[in-house]
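Comments concern the structure below.
The values are calculated or read from the model by the stated rules, or taken from the named source; none is laboratory data. As the structure is a prediction and not an experimental result, all values here were calculated from the model. Because the Cβ atoms are built from the backbone with ideal geometry, glycine has one as well, and the counts that use them run over all protein chains shown. Note: areas computed on protein heavy atoms with side chains; ligands, DNA, RNA excluded. Shrake-Rupley method; radii C 1.70, N 1.55, O 1.52, S 1.80 Å.
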Amino acid sequence: MHHLTLALQGGGSHGAFTWGVLDTLLADPRITIEGLSGASAGAVNAVVLASGYATAAARGADPRQGGRDALAQLWQKVAAWDALGSWQRQWARLLWGGMAPGLARGDWLAGALRGTVSPYQSNPLGLNPLRDLLTEAVDFAAVAAGPLRVFVSATHVATGRAVVFTGRHLDADAVLASACLPLLFKAVEIGGEAYWDGGYAANPALTPLIQDCNSADLMLVQLNPLRVAGTPQAASDIVDRINEITFNASLLTQMRTIEFVNGLIARGALGGSACRTVRMHRIDGGEQIRAYPSSTRNSTDAAMIHALFGLGQAAARHWLERHYEALGRHGTVDIRGDYLDDTRVALQSGQPDAAPQCTGFRPWFAQLLSRRRRR
């Protein structure tokens with residue numbers, strides 16, 4: 001049996017893919033989940049799983065099945081939204097970043113880009129279908145007292161920094177903050193501070209899983225593609241790609257830090273009981289999930305949700321078949337190839353023998369450590 005921590009990206013209705021991954025991991029008796037970190041839809045999946053897990057354990061039932069059942073009930077409700085009347089359906093879609101009632105998609109997008117549409121005007125009452133969903137699906141007291149560590153990230157509006165809510169500070173407002181798209185909802189105020197979607201600052205936050213959990217095996221469930229084919233040209237496609245890049249930016253930074261620290265540990269530059277190598281793993285939908293463009297993340301179509309669930313199950317089973325034996329031994333993600341920038345200055349043409357000038361942070365810090373070791 002191996003222990004895992006799980007980092008769950010946000011991605012609207014594409015979070016149904018994450019549901020499939022979680023369902024498969026919970027069904028495998030060889031896997032024990034120790035902690036979860038999530039942003040936006042990833043945060044919703046995390047707290048719902050933890051609530052079902054904790055409440056089942058408290059009544060002497062199988063906590064794994066409790067987590068699976070809670071997730072299934074959540075997504076069945078989301079899938080049922082598409083069968084609602086037009087007015088109710090449009091409000092429900094606000095959960096995943098859809099359009100406000102009475103605004104056509106093109107009008108909303110154009111207005112939003114001009115800065116003329118504000119949720120303080122279009123949604124002055126602060127209506128949010130996610131609050132009712134969380135009230136029905138999550139026992140936050142059980143989550144705080146339960147066996148799983150849960151971390152939810154939000155973006156502090158005043159500073160742009162990531163803030164992580166956990167334990168008794170993790171409640172419905174924290175999850176609402178984590179899923180608060182600023183062009184659609186008023187900022188969520190907690191303790192007199194305003195917060196927006198956690199995807200801007202930490203999508204998701206990896207540090208709490210490394211610092212506050214025992215497992216060195218960290219599984220990322222990634223929804224935003226790192227690479228897409230071709231250059232978007234239509235306005236909607238450009239906006240979609242901008243959003244994907246924006247919501248991946250914090251993840252790339254965190255992965256680069258993990259690779260950097262892992263390298264220092266491997267070279268003996270860092271040591272001690274507080275330092276350990278993080279074994280990174282990843283499950284994503286690959287080419288199949290890319291068939292669902294970013295614009296479908298606000299869809300509550302039942303067929304799409306169940307198709308994504310099936311893709312998540314298949315992806316998790318495939319990963320377990322190929323990589324289960326790696327758990328506890330080594331990571332299965334090529335962090336350097338997938339996430340690191342080349343910060344070196346390129347060689348000038350006609351000077352093949354010239355040494356590259358390394359101006360990036362990593363070379364500078366490595367040289368500093370080298371000088372310190374020689375002293």
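Which of the helices (runs of 4 or more DSSP H) contained wholly in segment 66-140 include at least 3 residues that are open to solvent by less than 60 Å² (accessible area, probe 1.4 Å) and modelled with pLDDT of 50 or more? Explain how you work it out, then say what you get.
Numbers: elements: 86-93, 105-114, 119-122, 129-137.
Ranges flagged: 86-93, 129-137.
Taking segment 146-174, which residues are farther than 24 Å from residue 218 by Cβ, outside any loop (DSSP other than H, G, I, E, B), touching a residue at least 24 places away in the same chain (Cβ under 8 Å) and open to solvent by 40 Å² or more (accessible area, probe 1.4 Å)?
Of everything in segment 146-174, just one residue is farther than 24 Å from residue 218 by Cβ, outside any loop (DSSP other than H, G, I, E, B), touching a residue at least 24 places away in the same chain (Cβ under 8 Å) and open to solvent by 40 Å² or more (accessible area, probe 1.4 Å), namely 168.
Looking at segment 191-235 only, could you name the residues that are among the aromatic types (Phe, Trp, Tyr) and either over 22 Å from residue 44 (Cα atoms) or within 13 Å of the chain's Cα centre (by Cα) (or both)? Even if it seems obvious, please write down each step before you answer.
The initial filter retains those residues of segment 191-235 that are among the aromatic types (Phe, Trp, Tyr), namely 195-196, 200.
The one that is among the aromatic types (Phe, Trp, Tyr) and either over 22 Å from residue 44 (Cα atoms) or within 13 Å of the chain's Cα centre (by Cα) (or both): 200.
Please specify each residue of segment 1-21 satisfying the condition of being open to solvent by 10 Å² or more (accessible area, probe 1.4 Å) and part of a strand (DSSP E or B).
2, 3
Go through (1) basic (Lys, Arg); (2) modelled with pLDDT of 85 or more; (3) closer than 25 Å to residue 78 by Cα and name the single condition residue 329 misses.
Of (1) basic (Lys, Arg); (2) modelled with pLDDT of 85 or more; (3) closer than 25 Å to residue 78 by Cα, only one is false for residue 329: (3).
Checking residue 253 against (1) modelled with pLDDT of 90 or more; (2) open to solvent by 40 Å² or more (accessible area, probe 1.4 Å), only one condition comes out false. Which one?
(1)
Which members of segment 315-335 meet the condition of being of a type in the set (Asp, Glu) and either open to solvent by less than 90 Å² (accessible area, probe 1.4 Å) or not in a helix (DSSP H, G or I) (or both)? Steps first, answer last, please.
Restricting attention to segment 315-335, the residues satisfying the condition of being of a type in the set (Asp, Glu) are 321, 325, 334.
Result: 334, single match.
Please determine, by comparing only the residues of segment 194-206 that are of a type in the set (A, V, I, L, M) and at pLDDT 95 or above, which one is most open to solvent (accessible area, probe 1.4 Å). Give the derivation first.
Narrowing segment 194-206 to residues of a type in the set (A, V, I, L, M): 194, 201-202, 205-206.
Subsequent filtering for residues that are at pLDDT 95 or above retains 194, 205-206.
On the way: 194: 30, 205: 6, 206: 2 Å².
Filtering segment 194-206 for residues that are of a type in the set (A, V, I, L, M) and at pLDDT 95 or above, the one most open to solvent (accessible area, probe 1.4 Å) comes out as 194.
Restricting attention to segment 258-276, and to residues there that are within 16 Å of residue 211 (Cβ to Cβ) and part of a loop (DSSP other than H, G, I, E, B), which single residue is modelled with the highest pLDDT?
Here the answer is 276.
Just to be sure I understand the filter: pairs with C-beta atoms under 6 Å, separated by 6 or more residues or on different chains, first member in segment 10-27 and polar (S, T, N, Q), second member part of a loop (DSSP other than H, G, I, E, B). Which pairs pass?
The qualifying pairs are 13/299.
Determine which member of the set 221, 239 is within 21 Å of residue 179 (Cβ to Cβ) and in a helix (DSSP H, G or I).
Details: 221 fails: in a helix (DSSP H, G or I).
From the options 221, 239, the qualifying one is 239.
Output the residue which, of all residues in segment 28-65 that are more than 19 Å from the chain's Cα centre (by Cα) and among the charged types (D, E, K, R), is most open to solvent (accessible area, probe 1.4 Å).
Going through segment 28-65, the residues more than 19 Å from the chain's Cα centre (by Cα) turn out to be 28-32, 52-65.
Checking which are among the charged types (D, E, K, R) leaves us with 28, 30, 59, 62, 64.
On the way: 28: 20, 30: 94, 59: 168, 62: 80, 64: 50 Å².
Here the answer is 59.
Scanning for something among the charged types (D, E, K, R), open to solvent by 60 Å² or more (accessible area, probe 1.4 Å) and closer than 24 Å to residue 337 by Cβ, does segment 257-275 turn up at least one residue? Lay out the reasoning, then the answer.
Start the filter on segment 257-275 by keeping residues that are among the charged types (D, E, K, R), which leaves 259, 267.
Those left that are additionally open to solvent by 60 Å² or more (accessible area, probe 1.4 Å): 267.
Okay, now just the ones that are also closer than 24 Å to residue 337 by Cβ, so 267.
Yes, segment 257-275 has at least one match.
Collect the residues in segment 212-237 that are modelled with pLDDT under 90 and open to solvent by less than 10 Å² (accessible area, probe 1.4 Å), keeping them in residue-number order.
Matches in segment 212-237: 224 only.
Only one residue in 184, 209 is under 18 Å from residue 37 (Cβ atoms) and buried (at least 23 other Cβ atoms within 10 Å of the Cβ). Which one?
Numbers: 184 fails: under 18 Å from residue 37 (Cβ atoms).
The conditions single out 209.
Check whether at least one residue in segment 291-299 is closer than 22 Å to residue 181 by Cβ, more than 18 Å from the chain's Cα centre (by Cα) and in a loop (DSSP other than H, G, I, E, B), and report yes or no. Steps first, answer last, please.
Residues of segment 291-299 closer than 22 Å to residue 181 by Cβ: 292-299.
Okay, now just the ones that are also more than 18 Å from the chain's Cα centre (by Cα), so 299.
Filter once more, keeping what is in a loop (DSSP other than H, G, I, E, B): 299.
Among the residues of segment 291-299, at least one is closer than 22 Å to residue 181 by Cβ, more than 18 Å from the chain's Cα centre (by Cα) and in a loop (DSSP other than H, G, I, E, B), which makes the answer yes.
Just need a number here: residues in segment 294-309 that are in contact (Cβ under 8 Å) with a residue 40 or more places away in the chain and either open to solvent by 60 Å² or more (accessible area, probe 1.4 Å) or basic (Lys, Arg) (or both).
Qualifying residue count for the region: 2.
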